[in-house]
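A.B. asks: There's a structure below that I have some questions on.
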Amino acid sequence: MKLFATTAAMLLGATAIAQAQNVDLRFSTWLPPQHGVHDALNAWAESIAEASGGTISVTLYPAEQLGRANDHYDMARDGISDFSFLNVGYQAGRFPIAEAVHLPFTVGDGINGTAAFDNWYRPYAEDEMSDVKYCLSFVHEPGSLHAKQEIRSPDQMNGMQIRSAHATMASFVTTLGGTNVRVSAPESRSALESGVADAVTFPWESTMIFGLDNVVNYSMDAPFYVSGFAWVMNPMTYEAMTPEQQAVMDEHCSTEWARQIAATWSERDLHGREQLREKEGHTLYTLTPEETAAWREAAAPLRQQWIDNATAAGLEDAEGAFAAFEAALAEQGAAVE
């Protein structure tokens, strides 16, 4: 009788999915079509289609087709997109808790760092991203500083114009006496070519995808920083789905899927680093232990700045929250030693 009941429930669930209205999710990103993260997105979409009995499909709109990179959170909130890919630091102060992941020389591994970040941030996303449905978050393989000259010391940043990956890095640049250049990833090459920027903080593969390898000659081979990203969903789109379809989406908005997405990107990023290493006329240089210590010391005040910002945003015991994030990184083997 129990087996019959279980089988009947499964059949009813399958029938409900089969009878559900088809949903085509418009997924907006600001990355170019050939970017590695889209391979992961395609695998995610195929799994959703299979799990939903073909009633949920995902259509990708890359390269800012639906809106500018900085607007992607609001696009999901307002229904311009059903899903948006966003950098949590593109709008300074918008997501102060999530920006813990952005502190320089903090995250040393893209895949395990993603597991730590997504697990840690989920409870906070309920408040910080309350006007969308949070799906998942992840980081890329640690990116670096790419410039027209070799930069080994934080003192060299004084007077330079740096395109920063996010608000935390922008604060770091200005603290060191540099000028932050506020342009999105797609605008970075023109900023370098025109002389508006002297250097950029960028992931490895993206450096070549956006053509920056043709306008910079030096890359610091160190876990300089990561960017935190989130996939967020329009809440009305989610609410319009059947319970069975919602269950499919919930299954695909998980830390395990965040990890899979990061793994696809990390593999391509590490390959991109080696391609850049072999590129004629380009130099990858490593830091000495003393140089690394100088960078980490220069970045240390950013931790207190994050604590102050998160406290001002209403987070109780921000210091304890950051300590918990560091512990999560250590547990996953993703902390920078």
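The values are calculated or read from the model by the stated rules, or taken from the named source; none is laboratory data. Not measured: the values here are computed from a predicted model. All Cβ positions, even for glycine, are placed from backbone atoms using ideal geometry, and neighbour counts span all protein chains on display.
A.B. asks: Being surrounded by fewer than 19 Cβ atoms within 10 Å (Cβ to Cβ) and not assigned by TED's automatic domain parsing to the domain that holds Asn217 is true for just one of Glu256, Glu291. Which residue is that?
C.D. replies: Every option except Glu256 fails the conditions.
A.B. asks: Shifting gears a bit: May I ask you to say which residue of Ala125, Ala165 is among the hydrophobic types (A, V, I, L, M, F, W, C), under 30 Å from His252 (Cα atoms), crowded, with 22+ Cβ neighbours inside 10 Å and not assigned by TED's automatic domain parsing to the domain that holds Thr286?
C.D. replies: Ala125
A.B. asks: Moving on. Of the conditions (1) in the same structural domain as Ala69 (by TED's automatic domain parsing); (2) within 23 Å of the chain's Cα centre (by Cα); (3) more than 20 Å from Met75 (Cα to Cα), Ala247 fails just one. Which one is it?
C.D. replies: (2)
A.B. asks: Within the group Ala125, Ala92, Ala98, which residue is touching a helix residue (DSSP H, G or I) at 6+ places or on another chain (Cβ under 7 Å) and closer than 30 Å to Asp24 by Cβ?
C.D. replies: Ala98
A.B. asks: Tell me, yes or no, whether the stretch 177-186 has at least one residue that is out of contact with any His (no Cβ under 8 Å at 6 or more places or on another chain), farther than 29 Å from Asn112 by Cα, among the small types (Gly, Ala, Ser) and modelled with pLDDT of 95 or more.
C.D. replies: Yes - at least one qualifying residue is present in the stretch 177-186.
A.B. asks: Among the residues of the stretch 1-48, which ones are at pLDDT 95 or above, of a type in the set (A, V, I, L, M) and surrounded by 15 or more Cβ atoms within 10 Å (Cβ to Cβ)?
C.D. replies: Those that are at pLDDT 95 or above, of a type in the set (A, V, I, L, M) and surrounded by 15 or more Cβ atoms within 10 Å (Cβ to Cβ): Val23, Leu25, Ala40, Leu41, Ala45, Ile48.
A.B. asks: Out of the residues in the stretch 49-103 that are in a loop (DSSP other than H, G, I, E, B) and basic (Lys, Arg), state the one that is surrounded by the most Cβ atoms within 10 Å (Cβ to Cβ).
C.D. replies: Arg94
A.B. asks: Restricting to the stretch 132-158, name every residue that is acidic (Asp, Glu) and more than 25 Å from His38 (Cα to Cα).
C.D. replies: Result: Glu150, Asp155.
A.B. asks: Let me spell it out: the conditions are (1) modelled with pLDDT under 95; (2) at positive phi, and Gly195 meets all of them except one. Which number is the exception?
C.D. replies: Failing condition for Gly195: (1).
A.B. asks: In this structure, does Tyr134 turn out to be buried (at least 17 other Cβ atoms within 10 Å of the Cβ) and either part of a helix (DSSP H, G or I) or basic (Lys, Arg) (or both)?
C.D. replies: no
A.B. asks: Consider the stretch 286-295. How many of its residues are in contact (Cβ under 8 Å) with a residue 24 or more places away in the chain, out of contact with any Pro (no Cβ under 8 Å at 6 or more places or on another chain) and not in a loop (DSSP other than H, G, I, E, B)?
C.D. replies: Looking only at that region, the number is 2.
A.B. asks: When you scan the stretch 259-285, how many residues do you find that are assigned to a helix (DSSP H, G or I) and either at pLDDT below 95 or surrounded by 13 or more Cβ atoms within 10 Å (Cβ to Cβ) (or both)?
C.D. replies: The total comes to 18.
A.B. asks: For the stretch 185-225, give me each residue that is in contact with a helix residue (DSSP H, G or I) (Cβ under 6 Å, 6 or more places away or on another chain) and β-branched (Val, Ile, Thr).
C.D. replies: Across the stretch 185-225, the qualifying residues are Val200, Thr201, Thr207, Val215.
A.B. asks: Further question: Only one of Val232, Val200 is outside the structural domain of Ala170 (by TED's automatic domain parsing) and part of a strand (DSSP E or B). Can you tell me which?
C.D. replies: So the residue among Val232, Val200 that is outside the structural domain of Ala170 (by TED's automatic domain parsing) and part of a strand (DSSP E or B) is Val232.
A.B. asks: Return yes when Ala321 is surrounded by 13 or more Cβ atoms within 10 Å (Cβ to Cβ), in a helix (DSSP H, G or I) and among the aliphatic types (A, V, I, L, M) and no when it is not.
C.D. replies: Yes; evaluated as a whole, the condition is true for this residue.
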